[in-house]
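Asker: Okay, here's the structure, questions in a sec.
The values are calculated or read from the model by the stated rules, or taken from the named source; none is laboratory data. The model shown is predicted, which means the values in this text are computed figures rather than measured ones. Using ideal geometry, Cβ is built from the backbone for each residue, glycine included, and neighbour counts are taken over all protein chains shown. SASA here: full protein model, heavy atoms, side chains in, ligands and nucleic acids out. Shrake-Rupley method; radii C 1.70, N 1.55, O 1.52, S 1.80 Å.
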Amino acid sequence: MTHDQFQQQVETASRIANLQAHTPLEMAVVLPTLNEKANIAPMVQRLEEALGPTGWEAVFVDDNSHDGTAEEARRIGRTDPRIRVIQRIGRRGLASAAIEGMCATSAPYVAVMDADHQHDPALLNDMLASLKSGECDLAYASRFAVGGNADGLSSKGREKGSRVANALARKLTGTELTDAMSGYFMLRTEQLRKQAENLSGIGFKIMLDILSTARPQLTVKEFPLKFAERLAGESKLDHGVALDFVAGIYERYLGRYIPTRFALFGTVGALGVVVHMAVLWPLFMLGLVSFSLGQAIATMVAMTFNFWLNNLLTYRDKKLDGASGMFWGWVKFCLTCSVGAFANVAVATVLNDQGVLWWVAAIVGIGIASVWNYALSSKFVWGRFRR
């Protein structure tokens, strides 16, 4: 950086600070990021063009990007007091990042949008006006409203899938929306903080979570969005995004009784039993192998299936990737399940020997093994001790 560039940045920061002293903070824009360094400076410029020089702040919540996204935002923030950075270590996920960012601001209104330039900041003023007037509790941008488009989606298949997902989401929230999967919305910060403890933070569609858990139901207004092409960076979504609905359904109907992640883990385990029997039955009944060998093969197949599906669904926000990460994660998962299986057999055997009905003893054993496997997997496979 040249002396003239540095001097210009200092002068800009001084100008903004002087203006902010006379303009209260009114709105925060939360932008979850993952490897989007090239998007940061252009997005700050677009926000200023849309919102003016003061009255807002941008909170970049970065999931420890390897391309220096957080450092780029900090570089800008050193001379621009409107820019803040939350760099998360050991945590990933769009929904949880959005929640942390929204809870970190003192602004009375908060918006969430992507940093990749697919969301147009020009909508923010109109969204804010609708909230301030009391016209709605939550304003959001819709790709499928009249006047909007989904041209920025990577394929027609994804556009069609998004429309199907929206139909399911409308049933989940009980709210008529044309784009319930939108990641661009605004609400009062007080409302978000009131709901924060009830939000799962699992998956990618935080707006869906907010709408489905709000009591009383929030009134909504939508704004047409022309969904643009991504400028740079990586998508924070993957081809399993529809699986968020499974988490959403569990959260809405079971969340008050058991943790959503544990419910997902249990569902995967039940599917694993089906896989186990589907492998064991032909191997043993057709006389291909002995029962003990067939049981061993079926157990390894089922554990591998459970590990893969848990990584895809239950722990999507902490997903392991890469050959090394997947291999060692699978090894740890198998070891964890082996300990759980031993506990299952031991407890069930003791109960049965004491006269407890065999099927009751079996269910108790399975329950203990499930809790054990869930607790250890959460810590050692997908948690803070995974490496």
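Asker: Anything in region 298-316 that is out of contact with any helix residue (DSSP H, G or I) (no Cβ under 6 Å at 6 or more places or on another chain), open to solvent by less than 70 Å² (accessible area, probe 1.4 Å) and in a helix (DSSP H, G or I)? List them, or say none.
Answerer: If the condition is that a residue be out of contact with any helix residue (DSSP H, G or I) (no Cβ under 6 Å at 6 or more places or on another chain), open to solvent by less than 70 Å² (accessible area, probe 1.4 Å) and in a helix (DSSP H, G or I), then T299, T304, N311, L312, R316 are the ones that fit.
Asker: So A361 passes all but one of these: (1) free of Cβ contacts under 8 Å to residues at least 40 places away in the same chain; (2) open to solvent by less than 40 Å² (accessible area, probe 1.4 Å); (3) under 19 Å from M303 (Cβ atoms). Which condition number does it fail?
Answerer: (3)
Each row is one residue, and each column tells you yes or no for (1) open to solvent by less than 50 Å² (accessible area, probe 1.4 Å); (2) within 20 Å of K221 (Cα to Cα); (3) aromatic (F, W, Y).
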site	(1), (2), (3)
E49	no, no, no
A58	yes, no, no
R74	no, no, no
I86	yes, no, no
A97	yes, no, no
H119	yes, yes, no
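Asker: Right, here's the next one. Scanning for something β-branched (V, I, T) and surrounded by fewer than 14 Cβ atoms within 10 Å (Cβ to Cβ), does region 348-356 turn up at least one residue?
Answerer: As a first pass, look at region 348-356 and keep what is β-branched (V, I, T): 349-350, 356.
When the remaining residues are screened for being surrounded by fewer than 14 Cβ atoms within 10 Å (Cβ to Cβ), the result is 349-350.
Yes, some residue in region 348-356 is β-branched (V, I, T) and surrounded by fewer than 14 Cβ atoms within 10 Å (Cβ to Cβ).
Asker: Could you check region 372-387 and list, in sequence order, the residues that are without any contact (Cβ under 8 Å) to a residue 24 or more places away in the chain and part of a helix (DSSP H, G or I)?
Answerer: A375, K379
Asker: Follow-up. State all residues of region 298-341 that are more than 27 Å from W281 (Cα to Cα), among the polar types (S, T, N, Q) and touching a residue at least 40 places away in the same chain (Cβ under 8 Å); if no residue qualifies, say none.
Answerer: Across region 298-341, the qualifying residue is only T314.
Asker: I'm trying to understand the selection: among the residues of region 295-353, which are among the charged types (D, E, K, R) and touching a His at 6+ places or on another chain (Cβ under 8 Å)? Before you say what the answer is, go through the steps one by one.
Answerer: Filtering region 295-353 for residues among the charged types (D, E, K, R) gives 316-319, 321, 332, 353.
Within region 295-353, none qualify.
Asker: Right, next: Which is in contact with a helix residue (DSSP H, G or I) (Cβ under 7 Å, 6 or more places away or on another chain), modelled with pLDDT of 65 or more and part of a loop (DSSP other than H, G, I, E, B), of G233, G147, G201?
Answerer: Of G233, G147, G201, the one residue that is in contact with a helix residue (DSSP H, G or I) (Cβ under 7 Å, 6 or more places away or on another chain), modelled with pLDDT of 65 or more and part of a loop (DSSP other than H, G, I, E, B) is G201.
Asker: Using the structure shown, decide if F333 is touching a helix residue (DSSP H, G or I) at 6+ places or on another chain (Cβ under 7 Å), modelled with pLDDT of 90 or more and either buried (at least 21 other Cβ atoms within 10 Å of the Cβ) or not in a helix (DSSP H, G or I) (or both).
Answerer: Values: touching a helix residue (DSSP H, G or I) at 6+ places or on another chain (Cβ under 7 Å): yes; modelled with pLDDT of 90 or more: yes; either buried (at least 21 other Cβ atoms within 10 Å of the Cβ) or not in a helix (DSSP H, G or I) (or both): yes.
Yes; evaluated as a whole, the condition is true for this residue.
Asker: Only one of M127, M102, M113 is out of contact with any helix residue (DSSP H, G or I) (no Cβ under 9 Å at 6 or more places or on another chain), of a type in the set (A, V, I, L, M), open to solvent by less than 10 Å² (accessible area, probe 1.4 Å) and at negative phi. Can you tell me which?
Answerer: Values: M102 fails: out of contact with any helix residue (DSSP H, G or I) (no Cβ under 9 Å at 6 or more places or on another chain); M113 fails: out of contact with any helix residue (DSSP H, G or I) (no Cβ under 9 Å at 6 or more places or on another chain).
Exactly one of M127, M102, M113 is out of contact with any helix residue (DSSP H, G or I) (no Cβ under 9 Å at 6 or more places or on another chain), of a type in the set (A, V, I, L, M), open to solvent by less than 10 Å² (accessible area, probe 1.4 Å) and at negative phi, namely M127.
Asker: Another one. Of everything in region 268-297, what is closer than 20 Å to A375 by Cβ and either in contact (Cβ under 8 Å) with a residue 40 or more places away in the chain or outside any helix (DSSP H, G or I) (or both)? Give them in sequence order.
Answerer: Within region 268-297, V268, G269 qualify.
Asker: Quick check on region 348-362. Is at least one of its residues within 23 Å of A95 (Cβ to Cβ) and outside any helix (DSSP H, G or I)?
Answerer: no
Asker: Which of the numbered conditions does F262 fail, given that it passes all the others? Conditions: (1) touching a strand residue (DSSP E or B) at 6+ places or on another chain (Cβ under 8 Å); (2) modelled with pLDDT of 80 or more.
Answerer: Failing condition for F262: (1).
Asker: Scan (1) within 20 Å of the chain's Cα centre (by Cα); (2) under 15 Å from D120 (Cα atoms); (3) open to solvent by 30 Å² or more (accessible area, probe 1.4 Å) for the single condition Q45 breaks and write down its number.
Answerer: (1)
Asker: Quick test of your reading of the structure: L320 fulfils all but one of (1) in a helix (DSSP H, G or I); (2) open to solvent by less than 80 Å² (accessible area, probe 1.4 Å); (3) within 19 Å of R261 (Cα to Cα). Name the failing condition by number.
Answerer: Result: L320 passes all but (1).
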